[in-house]
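Q: My questions all concern the structure below.
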Amino acid sequence: MKLRPLLLVLAVVLLALLPVLGDEVTMQYGIDVLLFATIAQAWNILGGFTGYASFGNSAFYGLGTYGTAIAMTQWGQPFWLGLVFAAFLGVACALLIGVPILRLRGHYFAIATLGLSATLAAIIANLDIAGRNLGLVLPLTRNEPMFYEASLALLVAASLTVAWIARSRFGMGLLAIREDEDAAQVMGVSTTRYKVAALALSAFFTAIAGGIHAYWITFIDPGSAFDLTLNVRMVIMAMFGGPGTVLGPVVGAFILTVVYQLLASSISTAAALLFGLVIVVAVIFMPRGLWDLGQGIGRFGPRYLLQNIRMHRL
Amino acid sequence: MLFAQLLANGVLLGGLYGLMALGMSLVWGVLNIVNLAHGALIMLGGYCVYFLFTGLGIDPFAALPIAMLVLFAVGYVLQRFVLNLVIRSALLNTLLITFGLEVVLTYCAQLAFSADFRTINPPYAGANIDLLGVTLPVVRLGAFATALVLAALMWMLLERTKLGRAIRATAQNLTAARLYGVDPVQLYAITFGLGAALAGAAGGLYGLVSQVTPYMGSALTAKSFVIAIMGGLENPFGIVLGGVVIGLAEALAAIYIGPTFTDAISFGLLVLILVARPARSLQVT
Amino acid sequence: MSDATPAPLFEARKITRHFLGLKAVNEVSFTLAPKQILGLIGPNGAGKTTLVNLISGTLLADSGELRFEGTRIDPLPPPRRAYLGISRTFQVMKPFPRLSVLENVTVGALFGFAGGERSRAAARERARDVLDFVGLLHRIDQHADQLSGPDRKRLELAKALAMRPKLLLLDEVMAGLTPGEVDEVVTIIHKIRASGVGILVIEHVMRAIRSLSDRILVLHHGEAIAEGKPDAVLADARVIEAYLGKRRA
């Protein structure tokens, strides 16, 4: 067990050295992957551990995007302050809508969060300070290594947070809420507070990711900042890799982004088609994610693939 | 007068929206599956009617039953051999797999039919009926009427037939229904097929009042979501009513607020409704 | 009612709860002294589980008062009541399905009375002790959804005990057990009481109720129709009629 942390540290160091070892294209690619891994990990806190599958984390992403953009373009603040403001907006939103929206469960919760994101996008598109429908243009900077290291640092921070959750009393409470919220309540878990905390943590990392992304791509508008397809992508990555695990979402994000990019660079229409097929097949054979599959096959061999189907079919 | 016209437009289109949502709510209520590929099924229905019309010269309204049969078969197969495999796993998995299916169907359609916009233009496409100073396009009126008829047929199926009783029993309590001899695999597949058939009909009608493209699916899925929740998952007429409400809201919003906000309006309404409902009534997971 | 001078551990005063116009619990009043075992019996549908739900906070009362150690608890949500020292089992058992037996009980140790343990390690230790006490130590690493019926009942009890309650509400923990298993549970409950816990036991197994209870409360159609020492209550004509009358109907 001592080997694992060592390997992880090694992996992080190697990743951190990419700007030195790799070229610019790989770095840009890497930034994309790292940011996606972060938002998948952030989703994991609420979706994987607490059992509340949000389909509206794009709301926090968008708030983070606009928070940084407004701070930098309208108020002339430096990047790091922009990120602070981004985080502030994300967490504030989570705390404000958390209590009412977390009263909903299952599909209703998913849809309400989706609605939240769409509504926020519409509101922002009406604000002058946000540039209305045209969006905002951030100061241009070509410092790819900076964005890369920032994204990596954010991913590490998010993953360390999830690792802490997996070992803490707080995390145990979240798991209890996921497994049986009513039982968790009578056992003393302050479910409302815990759920809102999970939402706030999720919002925090997602918003900062949005902020980094904003400065990196320089141009933002309501449609791309609050892009609803982000939600499905982050959910798929977290689920593919393994919800409720520490490394699952990261692995899922890495693999799926690579797969998608590889496919896209060859034949673009067929790429999307194959991507859809990959998802369908993945859900059938690994309903609890890659991580669980890895452990299952390790223990039971390839028959485990069929065992999943047998367990989940009608 | 303009206001009355707006209302008329909203109501007519709203009936069609209600029909779209009907298929989704049936599947949701009985199988507890939120079918993200629902819009893609609507799209397939649209292409079906389009090709029956342009290829074989069959009148679009007459082609509807054929499209419905085709889509029933598609839905049956999808549920029986794909969705069935994951139906007892986490709720999220059915969402994801239907998402994957949506992607697959959309891009298959693009490869097969190209991304060109298709419209279904029967000879009477431009005809209007003038009623009390309001102009009602014949095609839209026909679509509205068809939507109502199909909703009524679905109600009759659910309330008055043996199959309908089996479906409702399964929706309420799968274990009990099994004890009474219902074969859940078959029943689920039939229900999904029915939902797909309704989607197919909606698609054909949509092609008459708007256009058919491979990408039309996701926006229509989203709209059906909203209506299904508003109308409640039990009552076909409630759903059609929900559709009409959305249709009206869109028509009014387009004039008074701006066309870019129609989706946001529906979603905003939805969030408010969900959040304002007393917590007790939403204990279903 | 109670002839003891020490303050009651728990007191219900005219507690009432409606469901769609029907009075599921109708102005029920009773007290529970510290270290006392109160048996709660009555025909099916009498309102026993509803009463337990009202005490644990799963349901909120429509009127009346609930006092725990002198403080009013009826406006408090369930986690608060757990913090004060009330814990319960569920008749339809509610394990955390995908967590292990140990993890299930650890949750109780982490969040129960006075907020439970702060560290997971300490909580796990206590969980192990509790599992040993109820006889589930050999299943410690199994997933809760893989347990058999009687083991699930043990788990339910262990989860509640790990919370270090002062008041324990047991809802039919003996249903479906063999006579031998019933005796084991009775012994366990006596031990729990001896450690200083007040216990409210809902049970249909009459033999067990008779040997366990210091006092018995009988509910019928949501109302308290008898309360007192076991022999007296079980011989009470109204109680007998409630059970027999129910059977004839």
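Q: Considering only region C:174-249, give the strands (runs of 3 or more DSSP E) lying wholly within it that have at least 1 residues that are more than 17 Å from the chain's Cα centre (by Cα) and on the phi < 0 side of the Ramachandran plot.
A: Qualifying strands (runs of 3 or more DSSP E): C:215-220, C:223-228.
Q: Provide a single number: the residues in region A:39-84 that are part of a helix (DSSP H, G or I), touching a residue at least 40 places away in the same chain (Cβ under 8 Å) and farther than 17 Å from B:Leu96 by Cβ.
A: Selection size over region A:39-84: 21.
Q: Given the conditions (1) small (Gly, Ala, Ser); (2) buried (at least 23 other Cβ atoms within 10 Å of the Cβ); (3) without any contact (Cβ under 8 Å) to a residue 12 or more places away in the chain, report the number of the one that A:Gly276 does not fulfil.
A: Going through the list (1) small (Gly, Ala, Ser); (2) buried (at least 23 other Cβ atoms within 10 Å of the Cβ); (3) without any contact (Cβ under 8 Å) to a residue 12 or more places away in the chain, A:Gly276 breaks only (2).
Q: Quick one: count up the residues across region A:279-290 that are outside any loop (DSSP other than H, G, I, E, B) and under 12 Å from A:Gly252 (Cβ atoms).
A: Qualifying residue count for the region: 4.
Q: Name the helices (runs of 4 or more DSSP H) wholly within region C:73-144 that hold at least 3 residues that are within 8 Å of chain A (Cβ to nearest Cβ), in contact (Cβ under 8 Å) with a residue 12 or more places away in the chain and not charged (D, E, K, R)?
A: C:78-84, C:101-111
Q: If I filter region B:171-183 for residues that are within 14 Å of chain A (Cβ to nearest Cβ), among the charged types (D, E, K, R) and free of Cβ contacts under 8 Å to residues at least 60 places away in the same chain, do I get at least one hit?
A: yes
Q: Now a separate question. With the requirement that a residue be part of a loop (DSSP other than H, G, I, E, B), touching a helix residue (DSSP H, G or I) at 6+ places or on another chain (Cβ under 8 Å) and not aliphatic (A, V, I, L, M), what does region B:25-58 give you?
A: B:Asn32, B:Asn35
Q: Also, quick follow-up: Among the residues of region A:123-140, how many are at the interface with chain B (Cβ under 10 Å from one of its Cβ atoms) and either acidic (Asp, Glu) or without any contact (Cβ under 8 Å) to a residue 40 or more places away in the chain (or both)?
A: The number of residues fulfilling the criteria is 2.
Q: Separate question: Could you please find all residues in region B:84-99 being more than 13 Å from A:Arg310 (Cα to Cα) and at pLDDT 90 or above?
A: Hits for region B:84-99 are B:Ile97, B:Thr98.
Q: Can you find a residue that is part of a helix (DSSP H, G or I), of a type in the set (A, V, I, L, M), modelled with pLDDT of 85 or more and under 17 Å from A:Gly241 (Cα atoms) anywhere in region A:263-277?
A: Yes, because at least one residue in region A:263-277 is part of a helix (DSSP H, G or I), of a type in the set (A, V, I, L, M), modelled with pLDDT of 85 or more and under 17 Å from A:Gly241 (Cα atoms).
Q: Same structure again: In region A:159-177, which residues are surrounded by 21 or more Cβ atoms within 10 Å (Cβ to Cβ) and more than 7 Å from every other protein chain (Cβ to nearest Cβ)?
A: Result: A:Ser159, A:Val162, A:Ile165, A:Gly171, A:Leu174, A:Ile177.
Q: Using the structure shown, decide if A:Ala209 is among the aliphatic types (A, V, I, L, M), surrounded by 24 or more Cβ atoms within 10 Å (Cβ to Cβ) and assigned to a helix (DSSP H, G or I).
A: yes
Q: Quick check on this structure: which one of C:Ser87, C:Ser63, C:Ser56 is of a type in the set (Ser, Thr, Tyr) and exposed (fewer than 15 other Cβ atoms within 10 Å of the Cβ)?
A: Checking each option against the conditions leaves just C:Ser63.
Residues are listed down the side, and each one gets a yes or a no for (1) farther than 26 Å from B:Ala253 by Cα; (2) at pLDDT below 85; (3) small (Gly, Ala, Ser):
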| residue | (1), (2), (3) |
| --- | --- |
| A:Leu89 | yes, no, no |
| A:Ala92 | yes, no, yes |
| A:Leu95 | yes, no, no |
| A:Ile101 | no, no, no |
| A:Ala112 | no, no, yes |
| A:Ser117 | no, no, yes |
| A:Ile123 | no, no, no |
| A:Asn126 | no, yes, no |
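Q: Of the residues A:Val246, A:Val235, A:Val259, A:Val251, which is buried (at least 24 other Cβ atoms within 10 Å of the Cβ) and under 22 Å from B:Leu96 (Cα atoms)?
A: So the residue among A:Val246, A:Val235, A:Val259, A:Val251 that is buried (at least 24 other Cβ atoms within 10 Å of the Cβ) and under 22 Å from B:Leu96 (Cα atoms) is A:Val235.
The values are calculated or read from the model by the stated rules, or taken from the named source; none is laboratory data. Everything numeric in this text was worked out from a predicted model, so none of it was measured. Neighbour counts run over all protein chains shown; Cβ positions are idealised from the backbone, glycine included.
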